[in-house]
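One structure below.
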Amino acid sequence: MDKRTLGELDVSALGLGCMGMSEVYGPVDDAESTTVLARALELGVTFFDTADIYGAGHNEELVGKFVSQLAPDHRDELVLATKFGIRAVVGGGEVRVDGSPAYVRQAVDASLARLGVDVIDLYYLHRRDPNVPIEDTVGAMAELIDAGKVRHLGLSEVNADTLRRAHATHPITAVQSEFSLFTRGFADEVLPTCQELGIGAVPYSPVGRGFLTGALRSADDLADSDFRRGLPQFQAENLTSNIALADRIRGIAESIGVRPVQVALAWVLAQGEHLVPIPGTKRVRYLEENAGAAAVTLSAAQLAEIDTAVPADAVAGDRYTPAGMAGVNL
């Protein structure tokens, strides 16, 4: 797989979001997830994304166990990214965050232990703490680089002003945010700021939380424990409307001769050379479909057709509950 650049960090053009291997998308299976991680490396997907909050540490432990079994050459080609700052997700999707310098130092040591590594390649602030100046949080994160615990710094779900202030404190390598055909707000101000400052962008949920795979036909397709059941885009009339939008992408994919998920990912990749989407999966067959998107090049006419089929303001419902939305774009 081709490489892309996040700041000064070289990664595979597509990464792997590991969250669903531990929570939120229904039952999990560590053995199958480990098979997915191994297959990802075989396909050239060498950028793995996790976080300390995923499965209350389980996800970092899962990834860490896999990494510990790799031969040195495979370990050297792997880029590990993890996140800190969310202490808990409470009722209604509200996140309780901590960006204090003391917690920065506590959190990184805990992540290093769970991952079983000496250094984290890319360390993100998962959500900004509105009660702590971003300069204080990023300043403490920069000390981790000096201590040899972290190589590069990242932020997640911040606004353009916060990004500028953070970058002035210490160079930021990447900004992670939800971005897909179904969620375009990142492109309004934050993505242009990333491009101006030479910062990479890492879109999560790049296939619209599964809508753009073409496989979702009704709420019955979601496990009872799937957190999407509680999101506005998946409610009643919103769900019906959004499935109809996704069907337009399925039609375009059929005309091109590829899978719908590959159109969705190829569209994200076409938005700029420093974007590296991290589609998540816990199934090998979906991983292989996702990886195939790196070989799909959409023409200008096809990109225009896609934008017409799914206009930026066409998706029904917010991406999070009101409580969850209060924690993003800060």
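The values are calculated or read from the model by the stated rules, or taken from the named source; none is laboratory data. Note that the coordinates shown come from a computational prediction; the quantities given were computed from them, not determined experimentally. So basically every Cβ, Gly included, is an ideal-geometry build from the backbone, and we count neighbours across all protein chains shown.
Here's a check for you: in the range 180-232, which residue that is β-branched (Val, Ile, Thr) and under 20 Å from residue 252 (Cβ atoms) is nearest to the chain's Cα centre (by Cα)?
Of the residues in the range 180-232, the ones β-branched (Val, Ile, Thr) are 183, 190, 193, 199, 202, 207, 213.
Still in the running and under 20 Å from residue 252 (Cβ atoms): 183, 207, 213.
Values: 183: 13, 207: 11, 213: 16 Å.
Filtering first and then ranking leaves 207.
Output the residues belonging to the range 244-260 that are farther than 21 Å from residue 295 by Cβ and surrounded by 17 or more Cβ atoms within 10 Å (Cβ to Cβ).
Residues satisfying the conditions are 245, 246, 248.
Residue 30 - would you say it is at pLDDT 95 or above, surrounded by fewer than 23 Cβ atoms within 10 Å (Cβ to Cβ) and either in contact with a helix residue (DSSP H, G or I) (Cβ under 9 Å, 6 or more places away or on another chain) or not aliphatic (A, V, I, L, M) (or both)?
Values: at pLDDT 95 or above: yes; surrounded by fewer than 23 Cβ atoms within 10 Å (Cβ to Cβ): yes; either in contact with a helix residue (DSSP H, G or I) (Cβ under 9 Å, 6 or more places away or on another chain) or not aliphatic (A, V, I, L, M) (or both): yes.
It is true that residue 30 is at pLDDT 95 or above, surrounded by fewer than 23 Cβ atoms within 10 Å (Cβ to Cβ) and either in contact with a helix residue (DSSP H, G or I) (Cβ under 9 Å, 6 or more places away or on another chain) or not aliphatic (A, V, I, L, M) (or both).
Among the residues of the range 71-85 satisfying the criterion of being in contact (Cβ under 8 Å) with a residue 12 or more places away in the chain and hydrophobic (A, V, I, L, M, F, W, C), which is nearest to residue 318 (Cα to Cα)?
From the range 71-85, those in contact (Cβ under 8 Å) with a residue 12 or more places away in the chain are 74, 77-85; that's our starting set.
With hydrophobic (A, V, I, L, M, F, W, C) added as a condition, the list becomes 78-81, 84.
Values: 78: 34, 79: 32, 80: 30, 81: 27, 84: 24 Å.
By that ranking, first place goes to 84.
Given the residues 71, 110, 102, which is the only one that is more than 21 Å from residue 206 (Cα to Cα), surrounded by fewer than 24 Cβ atoms within 10 Å (Cβ to Cβ), among the hydrophobic types (A, V, I, L, M, F, W, C) and at pLDDT below 95? Spell out the reasoning first.
Details: 110 fails: at pLDDT below 95; 102 fails: at pLDDT below 95.
Within the list 71, 110, 102, the selection yields 71.
Does the range 22-32 contain at least one residue that is among the acidic types (Asp, Glu), more than 27 Å from residue 163 (Cβ to Cβ), out of contact with any Pro (no Cβ under 7 Å at 6 or more places or on another chain) and in a loop (DSSP other than H, G, I, E, B)? Show your work before the answer.
Keep residues of the range 22-32 that are among the acidic types (Asp, Glu), which gives 23, 29-30, 32.
From what is left, the residues that are more than 27 Å from residue 163 (Cβ to Cβ) are 23, 29-30, 32.
Imposing the further condition that a residue be out of contact with any Pro (no Cβ under 7 Å at 6 or more places or on another chain) reduces the set to 23, 29-30, 32.
Applying the additional criterion that residues be in a loop (DSSP other than H, G, I, E, B) yields 23, 29.
Within the range 22-32 (the criterion being among the acidic types (Asp, Glu), more than 27 Å from residue 163 (Cβ to Cβ), out of contact with any Pro (no Cβ under 7 Å at 6 or more places or on another chain) and in a loop (DSSP other than H, G, I, E, B)), the answer is yes, since at least one residue qualifies.
Quick one: which strands (runs of 3 or more DSSP E) sit completely within the range 86-161 and have at least 2 residues that are among the aromatic types (Phe, Trp, Tyr) and touching a residue at least 12 places away in the same chain (Cβ under 8 Å)? Working first, answer last.
Details: elements: 86-89, 95-97, 120-125, 150-156.
Per the criteria, 120-125.
Only one of 156, 100 is in contact with a His (Cβ under 8 Å, 6 or more places away or on another chain) and of a type outside the set (Val, Ile, Thr); which? So that I can check it myself, show each step before the final result.
Working: 100 fails: in contact with a His (Cβ under 8 Å, 6 or more places away or on another chain).
156 is the lone residue from the list that is in contact with a His (Cβ under 8 Å, 6 or more places away or on another chain) and of a type outside the set (Val, Ile, Thr).
Quick one: how many residues across the range 268-288 are assigned to a helix (DSSP H, G or I) and touching a Ser or Thr at 6+ places or on another chain (Cβ under 8 Å)? Lay out the reasoning, then the answer.
Kept after step one, since they are assigned to a helix (DSSP H, G or I), are these residues of the range 268-288: 268-269, 284-288.
Retained after the next criterion (residues that are touching a Ser or Thr at 6+ places or on another chain (Cβ under 8 Å)): 268, 284, 286-287.
Number of matching residues: 4.
From the list 139, 200, exactly one residue is at pLDDT 95 or above, surrounded by fewer than 17 Cβ atoms within 10 Å (Cβ to Cβ) and either under 20 Å from residue 48 (Cβ atoms) or small (Gly, Ala, Ser) (or both). Which is it? Working first, answer last.
Working: 200 fails: surrounded by fewer than 17 Cβ atoms within 10 Å (Cβ to Cβ).
Exactly one of 139, 200 is at pLDDT 95 or above, surrounded by fewer than 17 Cβ atoms within 10 Å (Cβ to Cβ) and either under 20 Å from residue 48 (Cβ atoms) or small (Gly, Ala, Ser) (or both), namely 139.
Which of (1) assigned to a loop (DSSP other than H, G, I, E, B); (2) in contact (Cβ under 8 Å) with a residue 12 or more places away in the chain does residue 306 not meet, given it meets every other one?
(1)
Output the number of the condition that residue 55 fails; it satisfies all remaining conditions of (1) crowded, with 17+ Cβ neighbours inside 10 Å; (2) touching a helix residue (DSSP H, G or I) at 6+ places or on another chain (Cβ under 7 Å); (3) in a helix (DSSP H, G or I).
With (1) crowded, with 17+ Cβ neighbours inside 10 Å; (2) touching a helix residue (DSSP H, G or I) at 6+ places or on another chain (Cβ under 7 Å); (3) in a helix (DSSP H, G or I) applied to residue 55, the lone miss is (2).
In the range 267-317, how many are closer than 15 Å to residue 212 by Cβ, of a type in the set (Asp, Glu) and under 20 Å from the mean Cα position of the chain (by Cα)?
So the count comes out to 1.
Looking only at the range 63-72, decide whether some residue is more than 30 Å from residue 88 (Cα to Cα) and of a type in the set (A, V, I, L, M, F, W, C). Lay out the reasoning, then the answer.
To start, the set of residues in the range 63-72 that are more than 30 Å from residue 88 (Cα to Cα) comprises 69-72.
Among the residues that remain, those that are also of a type in the set (A, V, I, L, M, F, W, C) are: 70-71.
The answer is yes, given that some residue of the range 63-72 is more than 30 Å from residue 88 (Cα to Cα) and of a type in the set (A, V, I, L, M, F, W, C).
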